[in-house]
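Quick notes on the structure that follows.
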Amino acid sequence: MRIGQLARSVGVDTQTIRFYEQQGLLPPPDRQANGYRAYTEKHCEWLAFIRRCRILDLSLAEIHELQSYQDNPHQPCTAVNALLDDHISHVRSQITA
(Lines give C-alpha, C1' and ligand atoms only; values in the text may rest on other atoms or scores of the structure.)
Protein backbone atom coordinates (compact mmCIF):
# COMPACT_ATOMS: atom_id res chain seq x y z
CA MET A 1 0.00 0.00 0.00
CA ARG A 2 1.10 3.57 -0.55
CA ILE A 3 1.58 6.21 2.13
CA GLY A 4 -1.85 7.80 1.51
CA GLN A 5 -3.58 4.46 1.91
CA LEU A 6 -1.67 3.77 5.11
CA ALA A 7 -2.52 7.22 6.47
CA ARG A 8 -6.24 6.76 5.78
CA SER A 9 -6.33 3.25 7.23
CA VAL A 10 -4.91 4.40 10.57
CA GLY A 11 -6.27 7.94 10.64
CA VAL A 12 -3.07 9.99 10.57
CA ASP A 13 -1.51 12.49 8.18
CA THR A 14 1.15 11.40 5.69
CA GLN A 15 3.59 13.87 7.28
CA THR A 16 3.10 12.07 10.58
CA ILE A 17 4.13 8.80 8.95
CA ARG A 18 7.25 10.41 7.50
CA PHE A 19 8.08 11.92 10.90
CA TYR A 20 7.77 8.56 12.65
CA GLU A 21 10.05 7.03 10.01
CA GLN A 22 12.63 9.77 10.62
CA GLN A 23 12.42 9.19 14.38
CA GLY A 24 13.00 5.45 13.93
CA LEU A 25 9.59 4.49 15.33
CA LEU A 26 8.33 3.14 12.01
CA PRO A 27 10.65 0.93 9.95
CA PRO A 28 11.41 2.31 6.50
CA PRO A 29 9.33 0.67 3.78
CA ASP A 30 10.61 -0.92 0.63
CA ARG A 31 10.53 1.24 -2.47
CA GLN A 32 8.77 0.35 -5.69
CA ALA A 33 10.51 0.77 -9.06
CA ASN A 34 8.84 4.18 -9.45
CA GLY A 35 10.20 5.34 -6.06
CA TYR A 36 6.92 5.14 -4.17
CA ARG A 37 7.02 3.73 -0.66
CA ALA A 38 5.46 0.26 -0.38
CA TYR A 39 3.97 -0.27 3.07
CA THR A 40 2.83 -3.62 4.46
CA GLU A 41 0.23 -4.70 6.98
CA LYS A 42 3.03 -4.78 9.57
CA HIS A 43 3.54 -1.03 9.04
CA CYS A 44 -0.16 -0.56 9.63
CA GLU A 45 0.06 -2.48 12.92
CA TRP A 46 3.13 -0.49 14.07
CA LEU A 47 1.50 2.82 13.15
CA ALA A 48 -1.72 1.91 14.97
CA PHE A 49 0.34 1.01 18.05
CA ILE A 50 2.20 4.34 17.90
CA ARG A 51 -1.07 6.21 17.48
CA ARG A 52 -2.63 4.50 20.52
CA CYS A 53 0.47 5.32 22.57
CA ARG A 54 0.32 8.98 21.52
CA ILE A 55 -3.37 9.12 22.46
CA LEU A 56 -2.26 7.98 25.93
CA ASP A 57 0.31 10.82 25.88
CA LEU A 58 3.35 8.56 25.87
CA SER A 59 6.48 10.34 24.67
CA LEU A 60 8.34 9.24 21.56
CA ALA A 61 11.16 7.95 23.78
CA GLU A 62 8.69 5.87 25.81
CA ILE A 63 7.17 4.47 22.62
CA HIS A 64 10.61 3.60 21.30
CA GLU A 65 11.39 1.80 24.55
CA LEU A 66 8.12 -0.15 24.40
CA GLN A 67 8.91 -1.14 20.82
CA SER A 68 12.28 -2.50 21.92
CA TYR A 69 10.45 -4.72 24.41
CA GLN A 70 8.10 -5.89 21.66
CA ASP A 71 11.11 -6.79 19.51
CA ASN A 72 12.58 -8.85 22.36
CA PRO A 73 9.59 -10.50 24.07
CA HIS A 74 11.74 -12.78 26.25
CA GLN A 75 12.81 -9.88 28.46
CA PRO A 76 11.34 -9.66 31.95
CA CYS A 77 8.14 -7.61 32.24
CA THR A 78 9.42 -5.58 35.18
CA ALA A 79 10.98 -2.92 32.95
CA VAL A 80 7.76 -2.47 30.96
CA ASN A 81 5.75 -2.31 34.18
CA ALA A 82 8.13 0.31 35.62
CA LEU A 83 7.90 2.42 32.46
CA LEU A 84 4.10 2.34 32.48
CA ASP A 85 3.88 2.91 36.24
CA ASP A 86 6.06 6.02 35.85
CA HIS A 87 3.82 7.25 33.06
CA ILE A 88 0.68 6.65 35.11
CA SER A 89 2.22 8.61 38.00
CA HIS A 90 2.99 11.44 35.61
CA VAL A 91 -0.62 11.48 34.35
CA ARG A 92 -1.96 11.42 37.91
CA SER A 93 0.21 14.40 38.86
CA GLN A 94 -1.08 16.30 35.81
CA ILE A 95 -4.67 15.55 36.83
CA THR A 96 -3.97 16.74 40.37
CA ALA A 97 -2.41 19.95 39.10
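The values are calculated or read from the model by the stated rules, or taken from the named source; none is laboratory data. Treat the numbers as computed from the prediction; the structure is a model and nothing was measured. Backbone-built Cβ (ideal geometry, glycine too); neighbour counts: all protein chains shown. All accessible areas refer to the heavy atoms of the entire protein, side chains included, with ligands and DNA or RNA removed. Shrake-Rupley method; radii C 1.70, N 1.55, O 1.52, S 1.80 Å.
In the range 34-77, the residue that is farthest from the chain's Cα centre (by Cα) out of those that are of a type in the set (Gly, Ala, Ser), outside any helix (DSSP H, G or I) and surrounded by 10 or more Cβ atoms within 10 Å (Cβ to Cβ) is Ala38. For the range 14-27, filtered to residues that are free of Cβ contacts under 8 Å to residues at least 12 places away in the same chain and surrounded by 11 or more Cβ atoms within 10 Å (Cβ to Cβ), the residue that is farthest from Ile63 (Cα to Cα) is Thr14. When Arg31 is tested against (1) within 19 Å of Met1 (Cα to Cα); (2) of a type in the set (D, E, K, R); (3) open to solvent by less than 70 Å² (accessible area, probe 1.4 Å), only condition (3) is not met.
Only a single item in (1) assigned to a helix (DSSP H, G or I); (2) modelled with pLDDT of 90 or more is not met by Val12, and it is number (1).
Restricting attention to the range 78-89, the residues that are open to solvent by less than 40 Å² (accessible area, probe 1.4 Å) and acidic (Asp, Glu) total 0.
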